[in-house]
Each structure stands twice: as structure tokens, then as C-alpha cells.
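Participant: Handing you this structure, nothing more for now.
The values are calculated or read from the model by the stated rules, or taken from the named source; none is laboratory data. Computed from a predicted model, the values in this text were never measured in an experiment. When we count neighbours, we look across all protein chains shown, and the Cβ atoms used for this are built from the backbone with ideal geometry, even at glycine. These area figures cover heavy atoms from the full protein model, side chains too; ligands, DNA and RNA do not enter into them. Shrake-Rupley method; radii C 1.70, N 1.55, O 1.52, S 1.80 Å.
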Amino acid sequence: MCRLIGFASPEPTTLADLIGELQCSTFQHMSRLHADGWGTMWIDAENRIESLKIATPGQDDDALTASMTDEQSRTRVLHLRMATDGMAVRLENSHPFVTDGIGLAHNGSIVPTELLREHLTPQILAGVRGETDSELYLAAVRQAVATGLSLADAVFETVRWLREAYPKASLNALIMSDSEFVAVHASSFATPPLAEFEASGLTADQLPLDHVDSYYTLSYLRRENGAVAFSSTGIDRAGWTPLPAESVTSVDLRSFDLVTRTLAPAAERVR
């Protein structure tokens, strides 16, 4: 389980410029709980997705601070990891995952993975390096893109299939290519990781904001210039708008049009 935050902007900027340094500090402090590493991905000046993954806690990591406050880009995603389901804490299992020009950071658990693996072709599976369900999630998106779909359409079709196959999984994710940025808010049937919260040794008062009642909620913040930020709970969400439940929201990185599509028909079938 993890925390996600990210943005897409018409001009290079920092997360701190978009949401404020205090919010960034609050996000970084959540690595006290989500302490199994952190990672970030962004589009560089040559329009390529670059990434950095660290398998140690980010709470006091200057590189995590700099990625939010100093390093400008047109897009960025940051991920704080809390490993679950026995997954090893090592770089190969750390988010974000970037393959074939597509990057994904996921907050959730898709288990058992056998059905997901069976859905993937040997060619697509050959690009999987780690052990996580999240990298298999990216593989399924890559497989859909390989059929000729846009990233937004590929994510939508992948999430719709995953919701049918894994009714109670959280599929929340931030996904990007060099032309699209996609936020998945599909976690209506998932339960928060209360056992992990208890094992952390933190009291209820010490847990980040909204972690017990709204752990999987994703919200967005739209700026006048078209820039948009997306975030998990834990920061102050005053002024932010919750994304619709069971939805996929895409941002075109050329026009900055924002489109949200609901998964309601598939979601209704698994109630």
C-alpha cells in the first residue's frame, strides 16, 4: 500500500509551486508510515520518462525533498511505499515502474496474481523484472497499448477487466506516457491496511489525515493555467475535488483537456 501524488503542467514547474511547500512536507512526512522506499518519475527536456527509485525511507531524504521543491518538469509522480503481501523491499519491486515509454505507480494490491499473469502474453511478461502485482498491472496496460489503443483507452480497458477479475482490489494508480497523464480512482471495494497501521506502532492520532476512513480516496486540484495535481489522502485536501469513484481521468499533455470516464457498469456487476 502506498501514497501517490503527481501533476501535469503546461510549463515546467515543481510540485511545491503547485500545491505549496507545507503540503510537500506533509507528504514526505508520511514516509514515517510508508517507510519501504520511495520513487519518482517525470518527463525530461527531451520528452522522455525518467525515474528514480530508492529502497530506503524518504522521511529525511534530501533527494525526495528536492524532487518536490527544486526540480522542475512538466509532469511528475511521487510514490511512498508500504510493502504488503510479503513483497521484498528491493529496487526491482519499487515504484514507479517504467517500461516501453509508459510509467505507473500503484496504490493497492491485486492478488492472487495467477489470473493476471495468464492474461499476459509471453512477450509482455518478458519485460517484467520484479515480483509485484503492480508491475503486472503496468504490463497489462502495455499489452493494451500494443494493440493500438491510446494510453487513456488502454488504461480504461485494463482497469475494466481488472475490476471484473479482482472485485475488491484497489486499482488506484498514476500512469503516464510522453503524451498522456492518467489517474485511476478504482478502490470502492478495498479495505484500508489496518493491520499494517497497527504494526507500525503509530497511534490513531499519529496516523496521517484520513487514513482510517478514506485511505484510498484520490483527489485533484486544477489551476488556472490548466495544470492539474492528483493526490492520495494524508495532505490537507481543502480546495481539492475528490475524483469520482470507480473512474479513470486522463489529461492530454498537448491540449490539457481533462476527461473523466466512469467504470460504473463494471463496478455495479461486482457489488
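Participant: Using C-alpha positions alone, give me the convex hull volume of the range 181-271 per residue in cubic angstrom.
Facilitator: 107 Å³
Participant: With contacts defined as alpha carbon pairs under 8 Å and 6 or more residues apart, what's the relative contact order of the range 2-129 in percent?
Facilitator: 31 percent
Participant: Which order do ARG237, ARG117 take when ranked by solvent-accessible area (1.4 Å probe, heavy atoms of all protein chains), largest first?
Facilitator: ARG117, ARG237
Participant: Pop out the Kirkwood hydrodynamic radius of the range 1-144 from its pairwise C-alpha distances, inverse of mean 1/r, in Å to one decimal.
Facilitator: Computed over Cα pairs of the range 1-144, the Kirkwood hydrodynamic radius comes out at 15.6 Å.
Participant: For the range 179-222 and the range 97-134, what is the centre-to-centre distance using only Cα atoms, to the nearest Å?
Facilitator: The range 179-222 and the range 97-134 have Cα centres spaced 22 Å from each other.
Participant: Further, regarding this structure: Compute the orientation-averaged projected area for the range 76-134 from the convex hull of its Cα atoms and round it to one decimal in nm².
Facilitator: Convex hull of Cα atoms, orientation-averaged projection: 4.4 nm².
Participant: While we're here: Counting only protein heavy atoms, what percent of the accessible surface of the chain is carbon or sulfur at a 1.4 Å probe?
Facilitator: C and S atoms contribute 49 percent here.
Participant: Return the long-range amide H neighbours of ARG74 (sequence gap of 5 or more, or a different chain), with a cut-off of under 5 Å between placed amide H atoms.
Facilitator: Placed amide hydrogens put THR13, ILE43 under 5 Å from ARG74.
Participant: Here is a follow-up. Which order do ILE110, ILE124 take when ranked by solvent-accessible area (1.4 Å probe, heavy atoms of all protein chains), largest first?
Facilitator: ILE124, ILE110
Participant: Also, I was wondering about something else. Compute the semi-axes of the equivalent ellipsoid of the range 67-202, taking the square root of 5 times each eigenvalue of the Cα gyration tensor, and list them largest first in whole Å.
Facilitator: Ellipsoid half-lengths, sorted descending, are 23, 20, 15 Å.
Participant: Let me ask something else about it. Karplus couplings for the range 134-146 from phi (6.51 cos²θ - 1.76 cosθ + 1.60, θ = phi - 60°), rounded to Hz, Gly and Pro as x?
Facilitator: Taking θ as phi minus 60°, the curve returns 5, 5, 5, 4, 4, 4, 5, 5, 4, 5, 5, 4, 5 Hz for the range 134-146.
Participant: Same structure, new question: Of all GluC sites (Glu not before Pro) in the range 1-50, which ones are in loop regions per DSSP and have a Cβ with at most 14 other Cβ atoms within 10 Å?
Facilitator: Counting only loop positions with at most 14 other Cβ atoms within 10 Å, the GluC sites (Glu not before Pro) in the range 1-50 are GLU46.
Participant: Now, a different point. How much accessible surface area, in Å² rounded to 10, belongs to the heavy atoms of ASP178 with a 1.4 Å probe?
Facilitator: Rounded to the nearest 10, that gives 80 Å².
Participant: Return the tail of the calculated pair distribution for the range 165-220, meaning the percent of Cα-Cα pairs more than 16 Å apart.
Facilitator: 54 percent
Participant: Determine how many Å³ per residue the convex hull of the Cα atoms of the chain encloses.
Facilitator: Convex hull volume per residue, Cα atoms: 120 Å³.
Participant: What are the GluC sites (Glu not before Pro) within the range 152-249 that DSSP puts in a loop, where the Cβ has at most 10 other Cβ atoms within 10 Å?
Facilitator: The qualifying sites are GLU224.
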